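Accompanying notes for the structure given below.
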Number of protein chains: 2
Amino acid sequence: MNFRVVLRVLGIILVCEALLMLPSLVVSVYYRGEDIAAFGSSILITALAGIPLTCIRASKNDIYARDGFAIVALGWILLSLFGSLPFVISGAIPSHINAFFEASSGFTTTGASILTQIEGLPKGILFWRSFTHWVGGMGVIVFTLAILPSIGAGSLQMMKAESPGPTPGKIVPKVAETAKILYSIYFAITILEIILLRIAGLPLFDSAIHTFGTVGTGGFSNMNSSVGSYNNLTVEIIVTIFTFICGANFTLYYQMLKGDLCAPFKDEEFRFYLRTVIIAIILITINLYGNVFSSIWESLRHSSFQVVSIISTTGYVTSNFEEWGMFSKIILFMLMFVGGCAGSTGGAIKNIRFLLLFKVMKRELMQVIHPKAVYSIRFGGRAVNEKTISEVLGFFFMYIIVFITAVLIVSLDNLDWATTISSVAATIGNVGPGFGVVGAAGNYSTLSNLSKIVLSMCMIIGRLEIYPILLLGMPSFWKRINI
Amino acid sequence: MNFRVVLRVLGIILVCEALLMLPSLVVSVYYRGEDIAAFGSSILITALAGIPLTCIRASKNDIYARDGFAIVALGWILLSLFGSLPFVISGAIPSHINAFFEASSGFTTTGASILTQIEGLPKGILFWRSFTHWVGGMGVIVFTLAILPSIGAGSLQMMKAESPGPTPGKIVPKVAETAKILYSIYFAITILEIILLRIAGLPLFDSAIHTFGTVGTGGFSNMNSSVGSYNNLTVEIIVTIFTFICGANFTLYYQMLKGDLCAPFKDEEFRFYLRTVIIAIILITINLYGNVFSSIWESLRHSSFQVVSIISTTGYVTSNFEEWGMFSKIILFMLMFVGGCAGSTGGAIKNIRFLLLFKVMKRELMQVIHPKAVYSIRFGGRAVNEKTISEVLGFFFMYIIVFITAVLIVSLDNLDWATTISSVAATIGNVGPGFGVVGAAGNYSTLSNLSKIVLSMCMIIGRLEIYPILLLGMPSFWKRINI
């Protein structure tokens, strides 16, 4: 482990975080909120913690896979810790554990909240809470890379550790260049959605908040009843479309800009994602019609919004799906594990992995029928190598193991089945709302402190795709090696 | 597909089933029950259905993997269909679907019941119900092989398709010989347990019923409150020990007979199984003490019984674990997925697969730390080849897929989370009782017919370790191939 470089990069990340708090300070000054001092001191503390670390000089600047993983894992934990300062100092969330939960939930774009009363909080706090979604969406570390290309060498390792999905698309050879292109797209989508929501009738502040929650596939709202508060069909359609877009691979939009307008439909993962969404919407609409809503259009409206919101791991709500039929709830629960596409801002296991897993399943069955035949798994017209396949299978198993370990700890709270299981699924998958106590109309405030810490870690583990955080717990990860 | 041979073997299986009904007829005659005619006609119908098929002559006697899988899959479905005749004809279970559910539950050694009132049923019916556990325990088809070695050639394929676990132990070169040795051990354990339960104070009939349920890891009882009815500590200890024994690999006992008394402790899977049981017992005892039982011994007594009963996929009950804390319930729920060892009569995913999966997980993490190192996974001192590993990973994924597909269908009944999820886990894992409506004090009677059919198929799918039944659904499975 190259500790010096790791510490230096962590310092840079903290300084960046201090800078990222500035817009929230501006918001609180604009609204003359009581949270001005809270932001001022949070920025100061975060910067003061970061600056000394940035001065550490390393003899070698090389970073290897391990260092990359350490930076990402520790980086996200630090971001959440310092990101919780404004909540604690302003008094909006007095408990440190609750504030850490809320900040992790923000940065990891989960959107799970411990707040029972959101409306009425200072605007600066509400802005910061949602802005962390936007920052976390594309990965703060990639962001750091985009503006600080000086680190160079091992940056691909970090991007690999942080970007969702098994195949981080290197669009152009240089990492910093790739990050810049992805960020430009991200910016453009953000601006576009704010404008559209504004036109649809939302105040500018609400438009910004919901845009951050959408493009980061986070799900924090400034309203107690989430997007449902507005009861505005146009807003729901805009949010649904943008959520769907942000749950897909961003490199597809780069290809579209380059002139290949059909790029998404040539992509096997996108087609799988689209098909899953359509099937889920149809099944839930049928299940809702006559049982929950008397009109088929109302059923379709809420089912589309909720399906896209859950599969993209956003977690906005327009209808209390806790009251839907079990069939609809089980479908939503399953979608919490599917999640977005590789290279999107969405979380969970990802469509590409499920697609590959289904192909492996089909191959295993074919292999039994024709034991001597040799089948290779093809994706996007090319054969996938066996190492990738066993990585995907291994990832799936690890995801389930982390899931059941966390369920076991949360079960100590002695809550009902729905809450115990779904709280973990909704946090490790970065979705936000679950079922039962943590359902669409509920929140995470009543859980024990132990559960809150475990679920915060689940959010980070899920966001970083399992490995980085688990590695921190392995003794051999910390050993020095001479190469 | 060699249809002629497949049909002929299915005929032989039916004739064997007719013969296996004879002991139940004897029991009903002995007790002068009202079910004598039911058994007489069931035997007649089953034999008449089987005999014409046995006369089919095939030009080639060779059977390949596909034929073996077809025989096993169709064989178990036919066994359950014809095995339900005594229930329907005697009027004990008038509904055909309920009777099929009960018969599948018996043969697959699940022990899930649709009966609300067990005590008072004719003795012959109670005997047949539990006897199917005993028959199903070691696999009827292996039984067929043991007495009919004439089929020869492809019999290993069948044994492979039917025996639990990824490595069917060929103790001695000949399949029929292997089957005979395993059956002798099975017989010996059966006789021993009947004698011990008799000494502990149970009537002979009850001793036989509970022995069948134990050695087959089934779980049917002739008492409404299962083993708990007797409130007899000695009986509970005997049942716990034998359940544990039957959840382990039978070939270990063969090695012990050969003089290697430490054989189980040299076996990595057995040690994993033992460790899992001990850890689960300790955790549940701590959770129960003070919350459910005021005495630590009472907590230990019920936790040991229940842990062994669930992990071995037996499903006997001494305490209504529905009323235990969520932590204990989640542990039991997880054990439903672990199940017994390879080569045992237990069901579910099996200890050996979990052991290998954990090793894969550890390797994947080590690989990240040392990307250039080459790690091989070792089991019992030897390296496991990569093909086996990807088969195990693939199996795990398929198990989960079948699980969630069935959960989705059962969710149409619109029951609570505990029932919806655990009913599937308890049937695909061949456990029996789940949680909620299908919990320790409940049964499966209130589920819809669709759910009952799906859960019956889950039992068979689980018992045959996924492949055979799924293959039946693939068109290419049925195509003729020329080799």
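What is the extension gain from residue A:271 to residue A:286, computed as 0.36 nm multiplied by their sequence separation minus the C-alpha to C-alpha distance, in nm to one decimal?
Full-extension gain reported as 3.1 nm.
Take each of the peptides A:244-252, A:17-25, B:302-310, average the number of other beta-carbon atoms within 10 Å over its residues, and list them starting from the highest.
Listed from highest to lowest mean packing, they are B:302-310, A:244-252, A:17-25.
Can you list the lysines whose alpha carbon is less than 18 Å from that of residue B:479, not counting same-chain residues fewer than 8 positions off?
Qualifying lysines at Cα under 18 Å: A:362, A:372, B:60.
Report, to the nearest whole %, how much of the accessible area of chain B belongs to carbon and sulfur atoms, 1.4 Å probe, protein only.
It is 65 percent, rounded to a whole number.
When the accessible area of each residue in the stretch A:334-380 is compared between its chain alone and the complete protein assembly (1.4 Å probe; ligands, DNA and RNA ignored), which residues differ by at least 50 Å², being lower in the assembly?
Output list: A:334, A:361, A:364, A:365, A:368, A:369.
With label points built 7 Å along Cα→Cβ from the Cα atoms of residue A:56 and residue B:445, find their separation and express it in nm.
6.8 nm
Given 25 °C and 0.890 mPa s, compute D for the stretch B:1-88 with the Stokes-Einstein relation, Rh being the Kirkwood radius over Cα pairs; round to the nearest whole µm²/s.
178 µm²/s
With +1 assigned to the C-beta of every Lys and Arg and -1 to the C-beta of every Asp and Glu, and no other charges, what is the dipole magnitude of the stretch B:324-483 about the Cα centre in debye, to the nearest 20?
Using only the charged Cβ atoms, the result is roughly 640 debye.
For residue A:379, which sequence-distant residues (separation of 5 or more, or a different chain) have an amide H within less than 5 Å of its own amide H, given hydrogens modelled in the peptide plane?
Distant-sequence amide H within range of residue A:379: A:384.
Arranged from highest to lowest average of other beta-carbon atoms within 10 Å per residue, in what order do the peptides B:339-350, A:220-231, A:333-344 appear?
Top of the packing list down: B:339-350, A:333-344, A:220-231.
Please list, in order along the stretch B:403-412, the HN-Hα scalar couplings obtained from phi with the Karplus expression 6.51 cos²θ - 1.76 cosθ + 1.60 (θ = phi - 60°), rounded to whole Hz, x for Gly and Pro.
Karplus-based 3J(HN,Hα) across the stretch B:403-412 equals 4, 6, 4, 5, 4, 4, 5, 5, 5, 5 Hz.
Which stretch or stretches of the stretch A:184-217 have amide N atoms under 14 Å from the point lying 7 Å from residue A:31's Cα along the Cα→Cβ direction?
It comes to A:203-210, nothing else.
Can you bin the stretch A:357-397 into rounded, prolate or oblate? Criterion: square roots of the alpha carbon gyration tensor eigenvalues sorted a ≥ b ≥ c, rounded for a/c under 1.5, prolate for a/b above b/c, oblate for the rest.
Note, shape of the stretch A:357-397 comes out oblate.
For a test of the definition: using alpha carbon positions, the gyration tensor, and the 1.5 limit on a/c, classify chain B as rounded, prolate or oblate.
It is rounded, given that a/c, with a ≥ b ≥ c, falls under 1.5.
For residue B:374, go 7 angstrom from Cα along the Cα-to-Cβ vector, then report the distances to that same point in the other copies in nm, smallest first.
Sorted ascending, the copy-to-copy spacings read 1.8 nm.
What are the distances, in nm and sorted shortest first, from the label point of residue B:55 to the label points of the same position in each other copy, with each label point placed 7 Å from Cα along the Cα-to-Cβ direction?
10.0
For a protection proxy built on the mean count of beta-carbon atoms within 10 angstrom, sort B:266-273, B:65-72 highest first, please.
So the order, starting with the most tightly packed, is B:65-72, B:266-273.
Using unit Cβ charges (K, R positive; D, E negative) and no other charged atoms, how large, in debye to the nearest 20, is the dipole of chain B about its Cα centre?
Result for chain B is approximately 1580 debye, rounded to the nearest 20.
7 Å along Cα→Cβ for the label point: how many nanometres lie between residue B:258 and each equivalent label in the other copies, listed shortest first?
6.2
Send over a whole-number figure in Å² for the accessible area per residue of chain B, probe 1.4 Å.
The answer is 37 Å² per residue.
Could you tell me which of rounded, prolate or oblate describes the stretch B:354-483, using a ≥ b ≥ c as the square roots of the eigenvalues of the alpha-carbon gyration tensor, with rounded for a/c under 1.5 and, failing that, prolate when a/b is larger than b/c and oblate otherwise?
It comes out oblate by the Cα gyration axes.
Whole-Hz Karplus ³J(HN,Hα) for the stretch A:328-342, in order, using 6.51 cos²θ - 1.76 cosθ + 1.60 and θ = phi - 60°, x for Gly and Pro?
Calculated HN-Hα couplings, in order: 5, 5, 5, 4, 4, 4, 5, 4, 4, 8, 6, x, x, 9, 4 Hz.
Please report the buried accessible area for the interface of B with A, total over both chains, probe 1.4 Å, in Å² to the nearest 100.
The summed interface area works out to 5000 Å².
Per residue, how big is the convex hull around the C-alpha atoms of the stretch A:380-430? Give it to me in cubic angstrom, could you?
Looking at the stretch A:380-430, the number lands at 82 Å³ per residue.
Using the Karplus curve 6.51 cos²θ - 1.76 cosθ + 1.60 with θ = phi - 60°, what ³J(HN,Hα) values do you get for each residue of the stretch B:18-28, in whole Hz, with x for Gly and Pro?
Along the stretch B:18-28, the couplings run 4, 5, 5, 7, 4, x, 5, 4, 4, 4, 5 Hz.
Measure up A:180/A:266; B:123/B:180; B:329/B:387 against 28 Å on the Cα-Cα distance and list the ones that go over.
Over 28 Å Cα-Cα: B:123/B:180; B:329/B:387.
What 222 nm value per residue comes from the helices of chain A, counting each DSSP H run with n ≥ 4 as -39,500 (n - 2.57) and dividing by all residues, nearest 500 deg cm²/dmol?
Taking each H run of at least 4 residues, the total per residue is -20500 deg cm²/dmol.
Give me the orientation-averaged projected area of the Cα convex hull of the protein assembly as shown, in nm², one decimal.
The orientation-averaged projected area of the Cα hull of the protein assembly as shown comes to 40.7 nm².
The values are calculated or read from the model by the stated rules, or taken from the named source; none is laboratory data. Every value quoted in this text rests on a predicted model; they were computed, and no experiment measured them. Glycine also receives a Cβ, built like all others from the backbone with ideal geometry; neighbour counts cover every protein chain displayed. Surface areas here come from the heavy atoms of the whole protein model, side chains and all, with no ligands, DNA or RNA. Shrake-Rupley method; radii C 1.70, N 1.55, O 1.52, S 1.80 Å.
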